[in-house]
Each structure stands twice: as C-alpha cells, then as structure tokens.
1. Considering only residues that are out of contact with any Phe, Trp or Tyr (no Cβ under 7 Å at 6 or more places or on another chain) and within 24 Å of T48 (Cα to Cα), which ones fall in the stretch 100-117?
2. Could you tell me which of the residues R245, R240 is in the same structural domain as L153 (by TED's automatic domain parsing), surrounded by fewer than 17 Cβ atoms within 10 Å (Cβ to Cβ) and among the basic types (K, R)?
3. Given the options G161, G187, name the one that is more than 12 Å from W203 (Cβ to Cβ) and at pLDDT below 95.
4. Among the helices (runs of 4 or more DSSP H) lying completely within the stretch 275-334, list those that include at least 1 residues that are in contact with an Asp or Glu (Cβ under 8 Å, 6 or more places away or on another chain) and not assigned by TED's automatic domain parsing to the domain that holds R216.
5. Taking the condition modelled with pLDDT under 95, surrounded by fewer than 18 Cβ atoms within 10 Å (Cβ to Cβ) and not small (G, A, S), does T104 pass?
6. Just one of (1) surrounded by fewer than 17 Cβ atoms within 10 Å (Cβ to Cβ); (2) at pLDDT 90 or above; (3) not in a helix (DSSP H, G or I) trips up W203, so point out which.
7. Do the conditions hold for R251, that is, is it in the same structural domain as T177 (by TED's automatic domain parsing), of a type in the set (D, E, K, R) and surrounded by 17 or more Cβ atoms within 10 Å (Cβ to Cβ)?
8. Just checking, does the stretch 173-190 include any residue being farther than 25 Å from V258 by Cβ and aromatic (F, W, Y)?
Amino acid sequence: MVSGARTAFAVSAFIFASASQAQTAADFYKGKQINIYAGSSAGGGYDTYARLLGRHIGRHIPGNPTVVVSNMPGAAGKTVTAFIANVAPRDGTAITGTYPQAITDPLFTDRKKSPFDPEKLLYVGSMEGESYLCFVRADAPVKTMHDLLQKELIVGGSAPGASMVQSPALLNNLIGTKFQLVMGYKGSREVTLAALRGEIMGWCGMGWSASQAVVRGELERGELRILFQENGEETELTRRLNIPRATELARNDEDRRVMNLIYSQQRFGRPYITTPGVPADRLAALRKAFDETLADPQLIEDAKKLNIRVSLMRGEELQKVVTELYQTPEALVEKAKRALDITNVVKR
C-alpha cells in the first residue's frame with residue numbers, strides 16, 4: 001500500500017513538474033518584449049527576412065509577447081552575433097538573424113581570437129538555405145564564367161567574412177580568376193545599388209530569393225544576369241536557367257573539396273540564434289514557435305508578396321550541422337583559410 005502511494009505520488013509529482021515547466025515559458029513571456037536583431041542594414045535581404053519573421057512569430061510564442069525588430073549591421077554579421085553571445089540578456093528575449101559566415105568565420109580564421117564560440121550559441125532555426133549566385137551587369141566585359149580566367153571583373157562587397165567578399169577571394173586564390181573587389185559597402189543593398197549605378201560591374205555571394213527582393217525588375221529586363229552558381233550541387237534553379245556552377249572550374253578533387261567546405265554554409269543561409277544560457281524550456285518554446293511560424297499561412301502569403309522563398313531548417317538540426325562543421329579535419333580547414341585570403345582580390 002505504501003509502495004502504491006509512493007508510486008502515485010511520484011507520478012503526480014512528475015505530471016505537476018511537467019505542467020509547471022510547460023507553463024513556465026508562457027508565464028515568462030506574457031507581457032514581455034522579444035527583440036530580433038537583423039545583422040544587416042535596413043532594406044537588405046536579411047532585414048527583409050527578419051521583419052517577416054517578426055510580424056508573425058509573436059502569435060506562436062507562449063504568452064504572445066511583443067516582438068520588435070531592429071538593425072545591428074557590421075562586420076558581416078559578427079557584430080550582432082558577438083552582441084548576442086556576450087551582451088544580450090540570457091533569458092530568451094533576444095534573437096538575431098545573422099549571416100552564415102558569422103558562424104563559420106571562426107573556423108576559417110583564428111578561432112581563439114573570435115569574440116564568440118559558434119558551438120556555444122543556441123540555434124533557433126533557419127528561414128532559408130539556397131545556393132549563392134554571381135551577378136553581373138549586361139555591359140560587363142565578362143560574358144561567361146570562363147572569361148574570368150582572362151578578364152578582370154570589378155565586384156563589390158562589405159566586410160571581411162561576408163559572402164560577397166569570400167566568394168571572389170575563394171575563386172581568385174584557388175582557381176585563378178581575376179575578380180577585383182571594392183570593399184566597404186554597408187550591406188548587400190548598398191552593393192546592388194552600386195552595381196545599378198555602374199560603380200561596379202556586379203557582385204557574388206547572394207541567393208536567388210534575396211536577389212528577387214531587390215533587383216527582380218533589372219533581372220527580368222536583362223539589365224543584370226547571372227554568371228554562375230557558387231555550389232557544387234545542381235539545383236532546380238541551375239537546371240531551369242541553365243546556370244553553370246563554380247566547381248566546374250576546379251582543377252582537381254582537392255580544390256573541389258575546399259570549395260564544397262566553404263560553400264557548405266549555404267545549407268543554413270538565414271540562421272536565427274539566441275544567447276547561451278537560455279533555460280531549456282524557453283529554448284524549446286522558441287524553436288517550436290519558429291517552426292510553426294514558418295508554416296503559418298499568413299507568413300507564407302507575406303513571403304509570396306515579397307518574392308522571397310522560405311525554407312525551414314529546424315534549430316536542432318542547425319545545432320548539429322554547426323557541431324559537425326567544427327569537426328572538419330584541420331588539414332582541409334587550413335587549405336580553406338588560405339583560399340579565403342583577400343590579399344589578392346581587393347582592388348588597389
């Protein structure tokens with residue numbers, strides 16, 4: 001009889017604890033404000049996605065908190081990622097939408113000097129992952145991908161570590177292309193506007209969805225065109241538009257492995273991160289809300305109006321991908337580091 005009472009008590013305690021834990025997130029978030037920090041300038045692709053998420057995710061978080069989106073551009077997403085890692089409240093009220101390069105950059109530079117450890121960050125999920133493309137003006141001197149081996153092409157980028165900087169550096173160092181990079185633009189929107197003004201001849205390191213949000217008309221009118229895709233795997237887009245792939249320029253299998261390692265960050269093209277130390281129940285609530293939001297018909301309709309694609313990678317999967325990435329053999333990582341050196345690409 002005593003044993004039965006103990007069992008009943010234990011079951012009751014478990015149920016109570018579970019209910020209490022499930023209630024904790026709702027109690028905590030009720031009346032709170034969640035801040036989503038976009039790691040890009042206003043009007044760019046990452047800003048567009050962050051504001052899309054911010055309009056809808058509050059309905060799916062327990063307690064229905066207010067959601068405010070603001071911009072914190074700088075250092076290709078590393079500024080906002082360092083803020084989330086070291087400064088933001090560790091209570092589940094701060095999220096950032098950052099660049100994948102911010103997560104992978106410590107792998108390809110000096111991890112000990114990084115202001116944050118990507119493996120210790122908590123990943124909420126990704127809104128989209130797709131291959132990057134290289135765009136050129138119609139009047140650019142380079143007409144095909146192979147022309148880059150003989151002719152210079154002036155492209156734009158923001159800061160070291162950004163995909164718009166990494167992409168031409170990789171191909172110059174590994175393949176021998178002749179990109180000339182003008183750096184210092186605030187973000188992707190500023191780079192595309194510079195190309196439309198004729199300051200530069202194009203840019204690389206941008207996905208199809210982001211390009212549709214900012215230069216769809218120019219692409220449709222033929223004022224801009226896609227030169228190649230920066231990924232080794234054929235996609236539906238490359239088949240439909242007959243776009244060549246950068247890895248076709250690889251001279252050997254070793255070059256191709258380096259390119260694929262660097263291009264692997266495209267799997268989680270628009271990651272969302274919260275701070276280390278967030279209680280497990282709140283992290284679970286944020287991840288669940290993120291998943292539900294990306295399946296929300298209202299968000300999907302908004303995305304269609306914005307001409308952008310939404311593709312979910314769950315937070316648990318993204319966390320695992322990052323962990324596996326940081327287990328890459330050191331020899332391959334060292335080759336990738338050399339391939340990303342910007343010395344031979346920046347225009348003097």
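1. Q101, A102, I103, T104, D105
2. Matching residue, one of R245, R240: R240.
3. Sole residue among the options that is more than 12 Å from W203 (Cβ to Cβ) and at pLDDT below 95: G161.
4. Fully inside the stretch 275-334 and qualifying: 280-294, 315-325.
5. no
6. Of the numbered conditions (1) surrounded by fewer than 17 Cβ atoms within 10 Å (Cβ to Cβ); (2) at pLDDT 90 or above; (3) not in a helix (DSSP H, G or I), the odd one out for W203 is (1).
7. no
8. Yes.
The values are calculated or read from the model by the stated rules, or taken from the named source; none is laboratory data. This one's a predicted model, so the numbers in the text were calculated from it and none came from an experiment. So basically every Cβ, Gly included, is an ideal-geometry build from the backbone, and we count neighbours across all protein chains shown.
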